[in-house]
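Below is one structure, written out as structure tokens, with a few remarks after it.
The values are calculated or read from the model by the stated rules, or taken from the named source; none is laboratory data. Predicted model, so just to flag it, every value in this text is computed and none were measured. Here Cβ is always computed from backbone atoms with ideal geometry, including for glycine, and neighbour counts include all displayed protein chains.
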Amino acid sequence: MRIIPSANFTRQPWKNGGGVTHEIEKREAEGSLLWRLSIAEVERDGPFSIFPGLHRILTVISGAGLVLAAPDTTLNAATLVPVSFSGETAINGRLVSGAIRDFNVIFDPARIVAAVDTVRARQELPLLSAPGLRGLLAVDGPVSLNGIRIEQGSFAFFLGGSVTPEADATALTVSLQAK
């Protein structure tokens with residue numbers, strides 16, 4: 001297991017210059033992105049960065065939510081409900097009620113299969129060992145991962161085991177597998 005405290009996330013401007021991202025980790029191969037995990041601060045409505053050839057899973061982790069308007073559809077990104085969409089889609093984000101923070105998984109769908117799940121307070125989630133990489137974000141309180149306490153805001157990479165958010169805590173789990 002490897003734990004990354006939020007203080008170790010890398011702060012950087014958005015690709016489109018409209019805000020700030022806290023990059024947790026990324027992997028590249030042959031000069032292109034395989035996947036990236038990050039937390040974005042969204043303080044105003046506006047266009048999303050375009051990521052040609054990539055796919056996104058966005059999960060609002062604080063705030064009232066975000067409406068994602070695309071030319072042919074609208075997605076409602078409610079708090080703690082992962083939404084998935086193409087990184088090539090022109091998206092305009094509209095805040096539901098004030099600023100939000102969201103967790104993003106951006107990945108190459110030709111080479112990676114990714115999933116994000118929400119684990120709620122006192123819900124034990126057994127995680128079977130499987131090929132690929134597993135991760136956990138302690139969203140709003142400490143989480144026990146295989147008996148080790150992960151503090152709020154921290155991210156942990158692990159191979160398998162079980163996740164148990166403490167009272168009133170929530171976590172997101174991430175799965176990244178090569179195709």
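Within the range 28-81, the set of residues being without any contact (Cβ under 8 Å) to a residue 40 or more places away in the chain, closer than 16 Å to Thr118 by Cα and not small (Gly, Ala, Ser) comprises Thr79, Val81. Leu172 falls short on exactly one of the conditions (1) touching a residue at least 60 places away in the same chain (Cβ under 8 Å); (2) farther than 19 Å from Asn8 by Cα, and that condition is (2).
A single member of Gly87, Gly53 is surrounded by fewer than 15 Cβ atoms within 10 Å (Cβ to Cβ) and either at pLDDT below 90 or under 21 Å from Glu28 (Cα atoms) (or both), and it is Gly53.
Picking from residues in the range 8-27 that are touching a residue at least 24 places away in the same chain (Cβ under 8 Å) and of a type outside the set (D, E, K, R), the one that is nearest to Ile50 (Cα to Cα) is Asn16.
So is Ile61 among the β-branched types (Val, Ile, Thr) and at pLDDT 95 or above or not? So that I can check it myself, show each step before the final result.
Numbers: among the β-branched types (Val, Ile, Thr): yes; at pLDDT 95 or above: yes.
Spelling it out, Ile61 is indeed among the β-branched types (Val, Ile, Thr) and at pLDDT 95 or above.
Of all residues in the range 13-34, those satisfying the criterion of being part of a strand (DSSP E or B) and either outside the structural domain of Glu88 (by TED's automatic domain parsing) or of a type in the set (Asp, Glu) (or both) are Glu23, Glu25, Glu28.
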